[in-house]
């Protein structure tokens, strides 16, 4: 019996779940395993893994209903797992003709639109990103608490001539702003992180600063991460840096 469960797992890991669900429905309608090959469409019926599964199902001692139930449960589990651990590849700049990827700006706006309670945006610099500005403005309008962490101006121990907080505060006066004010100027370092986190559920981690050029013209790569454990660790790390006064709120 262990063999059939192992093969159920293998089949579900190798085939799209919609194929599994169709086959499971057909098995469920059977009273025995006669012509079990017919439940699989096309070339699937001839594949090695399906042949192994069919042989194991016949010899398992389980009923068609029990086998179908195992397939349904495994397919549902796989769908949930993939949804909770999905990673989308994001890109800006030149496109290829063969590999489809999601555009960075579109994904960034979708992440902002998904936020219900909290949005954290971290970038070295932030400017001329009108579509994302509009999405952030809408988020604030529906009650989302928005926080920004950017590189500091030179007057605060950073590397920038212009203070991003002053620019952003003029656009989003309701938002919270943070700086990493280094006390040891002999060790130059900057806020080089570029990410956004929505509700500790989804994170965009990218090479792109939050600028119009990075969203549209530069060659930039990013990942949209839906794994809540990983996203939670990122969010909690920033929270800990604030609690420990490493990152300071700008009053």
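The values are calculated or read from the model by the stated rules, or taken from the named source; none is laboratory data. What you are looking at is a predicted structure, and each value in this text was computed from that prediction instead of being measured. Glycine gets a Cβ as well: all are built from the backbone with ideal geometry, and neighbour counts include every protein chain shown.
Looking across the stretch 80-116, the residues that are without any contact (Cβ under 8 Å) to a residue 40 or more places away in the chain, loosely packed, with under 15 Cβ neighbours inside 10 Å and in a loop (DSSP other than H, G, I, E, B) come down to 95, 96, 97, 98, 99, 100.
Count of the stretch 204-229 residues, restricted to those that are in a helix (DSSP H, G or I) and exposed (fewer than 14 other Cβ atoms within 10 Å of the Cβ), is 1. Residue count for the stretch 20-37 under the criterion of being modelled with pLDDT of 90 or more and out of contact with any helix residue (DSSP H, G or I) (no Cβ under 6 Å at 6 or more places or on another chain): the result is 5. You will find that of 119, 149, 168, the residue that is in contact with a strand residue (DSSP E or B) (Cβ under 6 Å, 6 or more places away or on another chain), surrounded by 15 or more Cβ atoms within 10 Å (Cβ to Cβ) and in a helix (DSSP H, G or I) is 168 and no other. Checking each residue in the stretch 31-66 for being part of a loop (DSSP other than H, G, I, E, B) and loosely packed, with under 13 Cβ neighbours inside 10 Å picks out 31, 32, 34, 35, 41, 61. Restricting attention to the stretch 106-131 and to residues that are at pLDDT 95 or above and touching a helix residue (DSSP H, G or I) at 6+ places or on another chain (Cβ under 7 Å), the residue that is nearest to residue 214 (Cα to Cα) turns out to be 108.
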